[in-house]
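S.K.: After the structure tokens below, expect a handful of questions from me.
The values are calculated or read from the model by the stated rules, or taken from the named source; none is laboratory data. Remember, predicted model here, so these are calculated numbers, not experimental data. With ideal geometry, Cβ positions are generated from the backbone for all residues, glycine too; neighbour counts draw on all protein chains shown. Quick note on the areas: whole protein, heavy atoms, side chains included, nothing else; ligands and nucleic acids left out. Shrake-Rupley method; radii C 1.70, N 1.55, O 1.52, S 1.80 Å.
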Amino acid sequence: MQTNPYPRALHELEQQFARLAPDIPDGPEKQALSVLHGIAMEIWRTMQHDRMPSTEGSVHEIADLWHSAPPMEGAALTSGLPIGVEAPDFTLPDASGTPVRLQDLRGRPVVLVFYPLDWSPGCSQQLDLYQQELDEFRTRGAHLLAISPDSVYSHGAWAAVRGLTIPLLADFHPKGDVARRYQVWREPDGFSDRALYVVDPTGRIAYAHVSPHLHHIPDLDDLLAAIDAARNPTTDTAIGDHPSA
């Protein structure tokens, strides 16, 4: 059943006009009344359109929801994998559902960004920072992959409203499986600690950082320095701050 778009009084007047219109003789008077009827309906539609919230404003409001979101705090519960070990391979879908496999990215540094959840305060700030500095990663030839237990649908919506082009991978099913393999899963909370890994071109972990607190955003300069060191891996150039302090 179609919902009536008019208020009751206007709807009743519209019905009266529809009943009377066939009895009005053709001529200038009927044409004038039809024009007045059309004007009234167009004014109503314009008023309703003006009352509707701006789509652009609504998107900005959604994008800024993290400002009023509940805080995400708490000390780290994990210490992550050590530097020098082979990075566990995985295949996860990005926001479009396309599978991304770590092993397929050999030959260039890969930055793995484990973050707790889409839409949360710290994660919005961290991913915004990396998006703004994307050229710094590109000039270093580094792949940047962000991983959380959210679904591909959440990733798609979050990326759209925040303007993110960084691949967001869904560690959704089995939930947190990849975060567990990288030893950064917070079992009591159902999401990961905030953690960074730089995987060198040979597939080994060259840098590891687990934020001491969930709301702590890792230092960007430290991350970029780690990528620089990982581009030409040797046994002496692996750097990091594992375990976290």
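S.K.: Identify the single condition in (1) in contact with a strand residue (DSSP E or B) (Cβ under 6 Å, 6 or more places away or on another chain); (2) open to solvent by less than 30 Å² (accessible area, probe 1.4 Å); (3) more than 18 Å from HIS216 (Cα to Cα) that PRO167 does not satisfy, given that it satisfies every other one.
M.R.: Unmet condition: (2).
S.K.: Filter the range 209-245 for residues that are assigned to a strand (DSSP E or B) and modelled with pLDDT of 95 or more and give the result.
M.R.: Within the range 209-245, HIS209, VAL210 qualify.
S.K.: May I pose another question? Those residues that are open to solvent by 10 Å² or more (accessible area, probe 1.4 Å), within 20 Å of GLN103 (Cα to Cα) and part of a strand (DSSP E or B), I need them from the range 170-205; list them, please.
M.R.: ARG204
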